[in-house]
Structure formats: C-alpha cells, structure tokens
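Heads up, the thing below is written out as structure tokens.
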Amino acid sequence: MSLDFEGIISSLRSKANSVYSNNERLFKLIQDSKKTLEGNKAFSELIDDVKVSIDIIKQYLKGEYTGLSKASIIMIIIGLLYLVNPLDIVPDFLLGGFIDDAAVFAYILKKIHHEIERFTEWKSKNG
C-alpha cells in the first residue's frame, strides 16, 4: 500500500484551518486524539513525538509557547484529524487499521521536526 501523504494533507487542510480557528474544537480534537492513542500499538515508536506534538498545541492554546508557525500547527492538526478519523485509508476497526495513521503522523513529524526540536529546547528551559 502506498500512501499519498501530500494528497492526505491537502484533503484535510481546509478542515484543519477551521479547527485552528476554533479553540474549543481544537481542545476536543486533542482529547479525542489522546483517547485514540491509549494503548495503540501502531504508535509505540512515535508516541513520545506525538505527545510532544499535542503538548505543543496545548502550550500554544495557553499562550505560553508562541514560537510555532501557523503552518506547523496546521500540520499537527492534520495529523490529529487523520488519527481520529475511523474511516481513513485503512479503516481503524480493521486489523492493522492504525498503521496508515502512524505513517501519516510520522510523515508530518518529519516535516516539522525542526519545530519539535525548538519546542523541546524551549520546554527544557521553561519547565
């Protein structure tokens, strides 16, 4: 199976922008993502980076971390939207259904790696 990562990102960009503009929806997306990740073996290798991504959004919502570009926030939101969508390329209820979710999130993490490193450095200095 070959995933069209840029196609997936493009298809979710409009919805991600809508979520970005609504803190209540963004907070709900974070909560839904955390529930989806609980005990999810497909994300075992990515879980730390995914948690950092969620932390970035939470710190952004609180107004404590402002060093994140809108484009990177949108990318994280796209990853979370794909994660919580049970009927994506490989439906999540099928065996191995979260493998595509993990692949999409890994792709996004790779694209915003520099932002994650900067946040991690900021977090270590600011607690």
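The values are calculated or read from the model by the stated rules, or taken from the named source; none is laboratory data. Remember, it's a predicted structure, so these values are computed and weren't measured experimentally. Glycine gets a Cβ as well: all are built from the backbone with ideal geometry, and neighbour counts include every protein chain shown.
In a residue-by-residue description of region 73-83, the property of being out of contact with any strand residue (DSSP E or B) (no Cβ under 7 Å at 6 or more places or on another chain), modelled with pLDDT of 90 or more, over 17 Å from Leu12 (Cβ atoms) and part of a helix (DSSP H, G or I) applies to no position.
Annotation note: Cβ proximity below 7 Å between a residue of region 9-28 that is more than 19 Å from Leu109 (Cβ to Cβ) and a residue that is part of a helix (DSSP H, G or I) and among the β-branched types (Val, Ile, Thr) (sequence gap 6+ or interchain) occurs for Asn17/Ile74; Arg25/Val19. Residues that are closer than 30 Å to Lys125 by Cβ, modelled with pLDDT of 85 or more and not in a helix (DSSP H, G or I): does region 45-63 have at least one? Scanning region 45-63, I find at least one residue that is closer than 30 Å to Lys125 by Cβ, modelled with pLDDT of 85 or more and not in a helix (DSSP H, G or I), so the answer is yes.
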